[in-house]
Amino acid sequence: MERTVEHCGGVPATRRGRWGVSLTVSAAALALVLPASGAEATHGPSGISAKGAYLLDGGTNRPLWGKEANTRRQMASTTKIMTAVVVLDSPGVDLGRPIAIKQSYRDYVARTGASTADLRTGDELTVRQLLYALMLPSGCDAAYALADAFGSGDSEAERTASFVARMNEQAARLGLRDTTYDSFDGISSHGGNLTTPRDLAKLSRHALADRTLAGVMGTMSTQQKAVNVNRLYTWYNTNKLLGSYSGVIGIKTGTTSAAGPCLVFAAKRSGRTVIGVLLDDPGGRYPDAARMLDFAYRKHTPLKLRQLPSMAHED
């Protein structure tokens, strides 16, 4: 039994199914599907400056293009996608559960110079609110709070270490063979917080399937009131592609000196979702993302970057 599939270039090909059907795929189709190693793939988007990049069709799970797609690199705060996934995949997770903010969370971001949601000691915020604090302003204090709350052990160190272990277990379950975590937020003290563009796209496809997380990642700004005190938090999404390129629905930024500027992004048009990853992109992650989406959708879309308010953090 043969079946015909359409590749992204519109070239029909027959392929062998697991039951022994013949496989004939044109070289042009392969060039579109297979990721590049080093130089950009033939027929891919031009001028992509990132050291690692990948495009995935979120619906069919079919690769569209790649550049060093299987090379392991540090991922900075795109780590927080997995942080959120582990929280939301926890058995019986209660999004309304209040979590008290400890001084140690604030001390941590001050000590490491990390991005922050400026959470105040003694305030209580729900798990849902902390997901916004984690994903929009890229709050490492929020990541610490969630890891401490959802880890196990008698001390903060034990609980956060167990949470990171759960991140690695989740990576294994999702088949992210080239991904390892040594951090709950992307601040890697030993350089072991590594992934590939291909793995990060696969994780992001899983994350987008969660309605709660997809809603958080697609929010440009939010105001959240603490549970126990009259304090209003205002957070802006650091992903400036959101609201700047038609159809973009998320996902996450990240920048450290070791990882360079990183961006995981997704767009949806006419029911078709495309997911992209850029790792270590010193030449401009947002224009590169727009070029990649233009390639995927075969249409040029103007990019006019949304500017963050002066008080907002950029990651």
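A short reminder: the numbers here are calculations on the coordinates, not readings from a lab. It should be emphasised that the depicted structure is a prediction, and the values quoted were computed from it without experimental measurement. We place every Cβ from the backbone using ideal geometry, glycine too, and count neighbours over all the protein chains shown.
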Give, in nm to one decimal, the length gained when the segment between Ala100 and Ala258 is fully stretched (0.36 nm per residue of separation minus the Cα-Cα distance). 53.7 nm
Quick check: pseudo-label points 7 Å beyond the Cα along Cα→Cβ at Ala110 and Asn61, how many nm apart are they? 4.7 nm
Treat the stretch 34-297 as a sphere of radius equal to its Kirkwood radius over Cα pairs and apply Stokes-Einstein at 4 °C in a medium of 1.567 mPa s; give the translational diffusion coefficient in µm²/s, rounded to a whole number. 71 µm²/s
So for the chain, taking the charge dipole from beta-carbon charges (+1 Lys/Arg, -1 Asp/Glu), which of Leu119, Ser155, Ala171 sits furthest toward the positive end? Ala171
Fewest to most neighbouring Cβ within 10 Å: what's the order for Ser204, Ser221, Ser138, Ser310? Ser310, Ser221, Ser204, Ser138
Taking 0.36 nm per residue of sequence separation and subtracting the Cα-Cα distance, how much length would be gained by fully extending the chain between Thr222 and Lys304, in nm to one decimal? 27.3 nm
In the chain the DSSP beta bridges are antiparallel at a rate, in percent to nearest 5, of 100 percent
Given a Förster distance of 45 Å, the FRET efficiency implied by the Cβ-Cβ spacing of Asn70 and Arg269, rounded to the nearest 0.05, works out to 0.95
Taking the Cα centroid of the stretch 198-228 and of the stretch 109-163, what is the distance between the two, rounded to the nearest whole Å? 16 Å
Förster-model FRET efficiency, 22 Å R0, His190 and Glu314, C-beta, rounded to 0.05: 0.25
Under 16 Å from the Cα of Lys225, which aspartates and glutamates turn up, not counting those fewer than eight places away in the same chain? Asp118, Asp123, Glu124
Using the Cα centre as the reference, give the magnitude of the dipole from point charges on the C-beta atoms of the chain (Lys, Arg: +1; Asp, Glu: -1; all else neutral), rounded to the nearest 20 debye. 1060 debye
Between Asp118 and Ser162, how many nm apart are label points set 7 Å from Cα along the C-beta direction? 3.4 nm
Where a Cα-Cα gap under 29 Å defines reach, which lysines qualify for Lys67, not counting those fewer than 8 residues away within the same chain? Lys51, Lys80, Lys202, Lys240, Lys252, Lys268, Lys299, Lys304
